[in-house]
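The values are calculated or read from the model by the stated rules, or taken from the named source; none is laboratory data. What you see is a predicted model, and the numbers here were worked out from it, not measured in a lab. We place every Cβ from the backbone using ideal geometry, glycine too, and count neighbours over all the protein chains shown.
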Amino acid sequence: MNFTLSPSVRKNIATDFLNKNDVNFDCIIKYSDDSIASKHNILVLFECGFSDLQVIKSLLYHNIMNFIQNSYWTAVQKINLLFGLATQKHLFYEPDFKIFQDASQSHKIRFNSKTNRTDLIAEVFAKLGMNAHSNRTTPVQQTIEELVMNAQLNAPRISTVTNVADSILIVEKSDKLIAVSVIDHYGTFDSKKFLKKIESSLTLGRGEAINFSRAGGAGLGGSVVYGHCDMLLMGCLRLKVTRVTSVLPYNISEKNFSYIQKSISIID
């Protein structure tokens, strides 16, 4: 299985979007300092063949907020989503915002810190008609678990906001992909810290990363989510709302997960 796109193909795809472009969007196929222009609300780096760690480092150290590669969720679909958000980023935080335009199912479930995660996951799988005990659905189950747990435990622990509205779990299912989104109303998510902890886990290994973190952990839950994803989208309006979305394939073998070319977008 090969998701590689040549530079010429990538350039043609980027050009298609640029031909209908305004000053709020730019798509480049090779990073350079000269490409960064303050007039663009969304700058997309459309690359190919970057490892999981290289993608993380591109966002942390090269001023890239949107790194796109072709994968199970195609580059065209990913760029189209970001193109639509270029002039209206606020839509990303709306519960009705759709990740997939061709979703066969979409479910929204509200939860709070007292909600039983096991019961919540069981409800989601029942709605989707999926077998929660199959090894091939484990990535979806673990992704839901980690994102919900962050909204239940991590976000309220560091927030000064009280009496917040319930968090929302949104699951969209298309033919080959599932998008898992969690919206919370604490607004405490720090994307750079999140990525830094994943970098530590990938670089040092899980055991060493635990010791590295002063907080007693190193984003290992985030590393699990990142390890399963085809694309991560995340954004936070400080002390108002956070949304993290993971798009991942389902019902594929562990070997086929290894072919994923990862993408990340920070909608800030």
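General remarks:
- Exactly one residue out of Gln152, Gln141 is part of a helix (DSSP H, G or I) and either acidic (Asp, Glu) or more than 25 Å from Asp102 (Cβ to Cβ) (or both), and it is Gln152.
- Looking only at residues of the range 18-32 that are touching a strand residue (DSSP E or B) at 6+ places or on another chain (Cβ under 7 Å) and either within 16 Å of Gly84 (Cβ to Cβ) or loosely packed, with under 11 Cβ neighbours inside 10 Å (or both), we find that the one that is modelled with the lowest pLDDT is Asn24.
- Residue in the range 34-43 that is part of a loop (DSSP other than H, G, I, E, B) and touching a Pro at 6+ places or on another chain (Cβ under 9 Å) present: no
- Pair list, Cβ < 6 Å and 6+ apart or interchain, from the range 43-63 residues that are closer than 9 Å to Gln261 by Cα to residues that are surrounded by fewer than 17 Cβ atoms within 10 Å (Cβ to Cβ): Cys48/Thr4
- Residue satisfying condition, being under 14 Å from Lys192 (Cβ atoms), of a type in the set (Gly, Ala, Ser) and in contact (Cβ under 8 Å) with a residue 60 or more places away in the chain, within set Gly227, Gly235: Gly235
- Checked against (1) buried (at least 18 other Cβ atoms within 10 Å of the Cβ); (2) without any contact (Cβ under 8 Å) to a residue 40 or more places away in the chain; (3) charged (D, E, K, R), Lys193 meets all criteria but (1).
- Test: Lys78 is more than 29 Å from Tyr250 (Cα to Cα) and either of a type in the set (Lys, Arg) or in contact with a Cys (Cβ under 6 Å, 6 or more places away or on another chain) (or both): no
- The condition of being within 15 Å of the chain's Cα centre (by Cα), hydrophobic (A, V, I, L, M, F, W, C) and part of a loop (DSSP other than H, G, I, E, B) holds for only one of Phe67, Phe50, Phe97, Phe92, that being Phe97.
- Members of the range 103-131 that are among the polar types (S, T, N, Q), under 24 Å from Leu81 (Cβ atoms) and part of a loop (DSSP other than H, G, I, E, B): Ser104
- Assessment of the range 130-147 against the conditions (in contact with a strand residue (DSSP E or B) (Cβ under 8 Å, 6 or more places away or on another chain), surrounded by fewer than 17 Cβ atoms within 10 Å (Cβ to Cβ) and more than 26 Å from Lys240 (Cβ to Cβ)) yields no matching residue.
- Contacts under 7 angstrom Cβ, first residue in the range 73-86 being farther than 17 Å from Leu232 by Cβ and surrounded by fewer than 19 Cβ atoms within 10 Å (Cβ to Cβ), partner at pLDDT 95 or above and not hydroxyl-bearing (Ser, Thr, Tyr), 6 or more apart: Val76/Ile13
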